[in-house]
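The values are calculated or read from the model by the stated rules, or taken from the named source; none is laboratory data. Keep in mind it's a predicted model, so treat the numbers as computed, not measured. Don't worry about glycine lacking a Cβ; one is built from the backbone with ideal geometry, like all the others, and counts go over all protein chains shown.
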Amino acid sequence: MEEKETNSASAEKIQALRDMILNAEKTLQGAKAMLLQLEGKKKTGRKRKISSASEDDKIIEGTFDGQLMIGADGKQYPVPANYASKSKLVEGDMLKLTITLDGSFIYKQIGPAERKRLIGLVNQDADGNYFITAEGKPYRVLLASITYFKVEPGDEVTLITSRDIESDWGSIENVIQSARDKDGETKKKKRKSIEEEIADIPTGENSAVDEWAPDFEELKRELNKPEA
């Protein structure tokens, strides 16, 4: 009995010492940060050792829901929009979040969900929110994805979304054709059509159109002028 009490007391002392060391490290980090501020120095050019995880780091695994990570503990964790859009995350992706001692959030994709690709058009609602319409369904996308690919309403894009989940979210993978290019092609087609109609007008010795021939030639020249 005496031996068990002694072991318990030793364990409590060890834990107390660990807590003291942890608090001392946090205090030291805070003091260093304050000293750098007072000296007017910034923490630039210093490499972060994110590859070697500390035993004191907190690690949480969860599932991406299109905007956030839902942790195994049931809590919601913010996922940087730039990281989500550049990594082309989709709903159902498994993520690992490492929360370091200084409070940094480091995400890593550990289990990609099965994906499917769709071709859709970029749209914008009355409130300015962007969405992609593909196969008759509107998909929400992160604003960071819109700005990263610099797309506008009317642009045609490749959208990736979860294959096995009925998801309302998607991620832009590539831009197929911009609305500006489409407008340019449409104008060219219209111009060609008018020129073909002019070419099909009959002319001849007894044709009343002959006297308008110079005007048609002038019109063709105007149509072929580059747009301003």
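Below are the figures for this structure:
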quantity	calculated
Positions within segment 104-148 being assigned to a helix (DSSP H, G or I), out of contact with any Lys or Arg (no Cβ under 9 Å at 6 or more places or on another chain) and crowded, with 18+ Cβ neighbours inside 10 Å, in sequence order	Ile146
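Results for (1) within 18 Å of Asp65 (Cα to Cα); (2) modelled with pLDDT of 95 or more; (3) outside the structural domain of Val79 (by TED's automatic domain parsing), shown as yes or no for each residue.
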position: Thr100; (1), (2), (3): no, no, no
position: Leu118; (1), (2), (3): no, yes, yes
position: Val122; (1), (2), (3): no, yes, yes
position: Asp125; (1), (2), (3): no, no, yes
position: Ile132; (1), (2), (3): yes, yes, yes
position: Thr147; (1), (2), (3): no, no, yes
position: Val157; (1), (2), (3): no, yes, yes
